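The values are calculated or read from the model by the stated rules, or taken from the named source; none is laboratory data. Model, not experiment: these values are computed from the prediction. Backbone-built Cβ (ideal geometry, glycine too); neighbour counts: all protein chains shown. Each accessible area value is taken on the protein alone, full model and side chains, heavy atoms only, with ligands, DNA and RNA left out. Shrake-Rupley method; radii C 1.70, N 1.55, O 1.52, S 1.80 Å.
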Amino acid sequence: MENGKRAQWGSNFGFIMAAAGSAVGLGNLWKFPYLAGKNGGGVFVLVYLLIVLFIGFTIMLGEMAIGRSTQLSSYNAYQRISKKWAFVGGIGVIAGFVILSFYSVVGGWVLNYLYQTVIGGIPADTAAYFGSFISDPVAPIFWNMLFMAATALIVFKGIGGGIEKACKFMMPALFVILIIISIRAITLPGAAAGIAFYLTPDISKLTAGTVVAALGQVFFSLSLGMGCIITYGSYLGKEETLEKNSIIVPVLDTVVALLAGFAILPAVFAFGFEPGAGPGLMFITLPQVFDKMPFGWVFGILFFILVLFAALTSSISLLEVTVAYMQDHHKWGRTKAVVILSSFMFLIGIPASLSMGIWSGIMIFGYNIFDFLVFISDILLPLGGILMCIFIGYVWGIDKAVAEITNGGKIPFKLKAFWTIMIKYVAPIAVIIVFLNALGILKF
Ligand code: TRP
């Protein structure tokens, strides 16, 4: 609430940049290429695309409708429609808190890598460097603090003057840099093998594990299941066409994920590295790739600027979910909410960061602290998604949701039958499977 009146995006373009900014993040640039590398390349990409098309779009539209209809952030939005369901918004606020606590640890790593690339400080043995950096008790926490401070500063400036403005600058810049790097990567001698691996789906490599991994990734990558899009949607005016927005945002997110694969996998093949290197692909393999590439220094800097922009436009959306809750529900001012919440998240990030090093022996349910936070979010996101589908399909009601989407019938919503089936049946069932998998009840 700014000046007592709810803030709004300056334009629909601003909303799209902010929502795409939330979606495009470490999930796209770091996780998608390594998941594709690990799960058979093209076949993972194909499954991922299908899930975005059917389920990603469905849930995104549902979240936008709830947010815009109530003009409230997630907890209060659910509460406004049905008191009993407010807890679903509460799950989202907790998820935002947990995710940003570990997300900003990785954001701090990115800041450090950008800095080290600029000063030429990454040694040839990148694996040893990565291991010693993340296990250091001080340096990653320092970088995490800077990353969290940058996030807080943008959110502190509010919707139009902070989040929208930052995303309208960072997102187009990110696209340009990504296209430059992709062109560089696919024109490297020897890149063809990487492109083939990436684009040729080998159906024999399709496993249930691939599908579940892709579904979880769609959730995380599209920022679904925790009220992020509800919150951003609540700053939208009634005249905007939600179903268009809910197609554009996943398309942009997917284009970036695909381009990230083009930027990374061909280069990895060209220089003879392993595509299935896992989480180390970005921090261990890529610096070596840049080292071997002509003008690699420049491409390395550009690349980590790109990753930083992606991470920041996502982290601000996570912080905004919790800040908006404090504003809407507890009537806190923005400044107070930003300062207190970001400080707490930073504090939780400290043990998460230490769990890569001196606290690596501390285990919760068999996970170190960092992985435990990731595990919690892997459970909360699908849980939030399932409950949202049930909420729209059976509590709020399809008709009311459709009336919101079509603005009381003023805008045609041609996808209605498809969306109804997806949100009432297909999406919740698919997401229940992911949820049971995350809990270890069904194992793929
Ligand atoms: N989507 C972002 C990424 O791909 C991360 C993110 C931001 C997120 N907001 C979220 C994930 C909300 C889940 C829910 O990196």
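For LYS331, the lysines whose Cα falls under 16 Å of its own Cα, not counting residues fewer than eight places away in the same chain, are LYS5.
If contacts are Cα pairs under 8 angstrom and at least 6 residues apart, what is the relative contact order of the chain in percent?
33
Taking the protein heavy atoms of the range 327-444 in the context of the full set of protein chains, the accessible area attributed to carbon and sulfur is 71 percent at 1.4 Å. Relative to the Cα centre, the charge distribution of the range 1-124, modelled as +1 at Lys and Arg Cβ and -1 at Asp and Glu Cβ, gives a dipole magnitude of about 360 debye. Would you kindly give the portion of the calculated P(r) for the range 30-116 that falls above 19 Å, as a percent of all Cα pairs? I get 63 percent for the Cα pairs in the range 30-116 exceeding 19 Å. Along the positive direction of the dipole of the chain (beta-carbon charges: Lys, Arg +1; Asp, Glu -1; about the Cα centre), which of VAL251, VAL110, ILE264 reaches farthest? With unit charges placed on the Cβ atoms, the residue in question is VAL251. Neighbours of ASN76 by Cβ distance under 12 Å: Lys/Arg scored +1, Asp/Glu scored -1, total +3. Relative to the Cα centre, the charge distribution of the chain, modelled as +1 at Lys and Arg Cβ and -1 at Asp and Glu Cβ, gives a dipole magnitude of about 1060 debye.
Remark: C-alpha extents of the chain on the principal axes read 59, 49, 43 Å, sorted largest to smallest. Here the accessible area is traced with a 1.4 Å probe on the protein chains. For the range 188-274, carbon and sulfur cover 72 percent of it.
Neighbours of GLY25 by Cβ distance under 13 Å: Lys/Arg scored +1, Asp/Glu scored -1, total 0.
By the compact-protein rule of thumb, 2.2 N^0.38 Å, the alpha-carbon radius of gyration of the range 299-374 corresponds to a ratio of 1.40. How far, in degrees from 0 to 90, does helix 42-51 lean away from the longest principal axis of the Cα atoms of the chain, to the nearest 10? Roughly 10 degrees, rounded to the nearest 10.
Helical content of the chain, expressed as a calculated mean residue ellipticity at 222 nm, amounts to -22500 deg cm²/dmol (DSSP H runs of 4 or more residues, -39,500 (n - 2.57) each, divided by residue number, nearest 500). Around the Cα centre of the range 116-261, unit charges on the Cβ atoms of Lys, Arg, Asp and Glu (plus for the first two, minus for the last two) sum to a dipole of about 200 debye.
Residues in the range 350-444 average 48 Å² of solvent-accessible surface per residue, probe 1.4 Å, ligands and nucleic acids excluded. In the context of the full set of protein chains, residues of the range 224-273 present 24 Å² of accessible surface per residue (probe radius 1.4 Å, heavy atoms only).
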